[in-house]
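The values are calculated or read from the model by the stated rules, or taken from the named source; none is laboratory data. The structure presented is a predicted model; accordingly, all values stated were derived computationally and were not measured. Cβ placement follows ideal geometry from the backbone for every residue including glycine, while neighbour counts extend to all protein chains displayed.
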Amino acid sequence: MNKVKLRYAILKEIYNGNTTLTEADLCVGREEFDEAVNFLSREGYLTGIIWADDRPHLPKIGLVLTEKGEKYLEENSVLAKTYKGLKEIREWIKF
């Protein structure tokens, strides 16, 4: 699993308004999802994450990409060209 692609996919989906993401939506394990969300929060790419049951949850309202998160999406145009959305996420994240 490619961590960079997973982080990009999470940011892109939130940017597109899909804020209630779970590990099932992205076809990854709970630990991988939690690590990616923790990283994005800790590094200042996302705000508004809710913490419960010792893990992050992405709420429908209040989850926001920061300016740094938006810049990350802009700077990774190579990933943008290959990312097709949740329908094809399983194969895309693997490599």
(message) Looking only at the range 52-63, how many residues end up being surrounded by 11 or more Cβ atoms within 10 Å (Cβ to Cβ) and without any contact (Cβ under 8 Å) to a residue 40 or more places away in the chain?
(response) 4
(request) Take the range 23-42 and flag every residue that is outside any helix (DSSP H, G or I) and either under 21 Å from Thr82 (Cβ atoms) or touching a Phe, Trp or Tyr at 6+ places or on another chain (Cβ under 7 Å) (or both). (result) Cys27, Val28
(request) Could you list, in sequence order, all residues of the range 1-20 that are buried (at least 21 other Cβ atoms within 10 Å of the Cβ), of a type in the set (Val, Ile, Thr) and over 19 Å from Lys60 (Cα atoms)? (result) none
(request) Kindly indicate the residue of the range 79-95 that is assigned to a helix (DSSP H, G or I) and of a type in the set (D, E, K, R) and also modelled with the highest pLDDT among those meeting that condition. (result) Lys81
(message) Among the numbered criteria (1) over 13 Å from Glu13 (Cα atoms); (2) at pLDDT 85 or above, which one does Asn76 miss?
(response) (2)
(message) What are the pairs with Cβ atoms under 7 angstrom where one residue, in the range 9-38, is in contact (Cβ under 8 Å) with a residue 24 or more places away in the chain and the other, located anywhere, is of a type in the set (Phe, Trp, Tyr) and part of a loop (DSSP other than H, G, I, E, B)? Sequence gap at least six, or different chains.
(response) Ala9/Tyr83; Leu11/Tyr45; Lys12/Tyr83
(message) So, Leu65, is that one at pLDDT below 90 and either at positive phi or under 11 Å from the mean Cα position of the chain (by Cα) (or both) or not?
(response) no
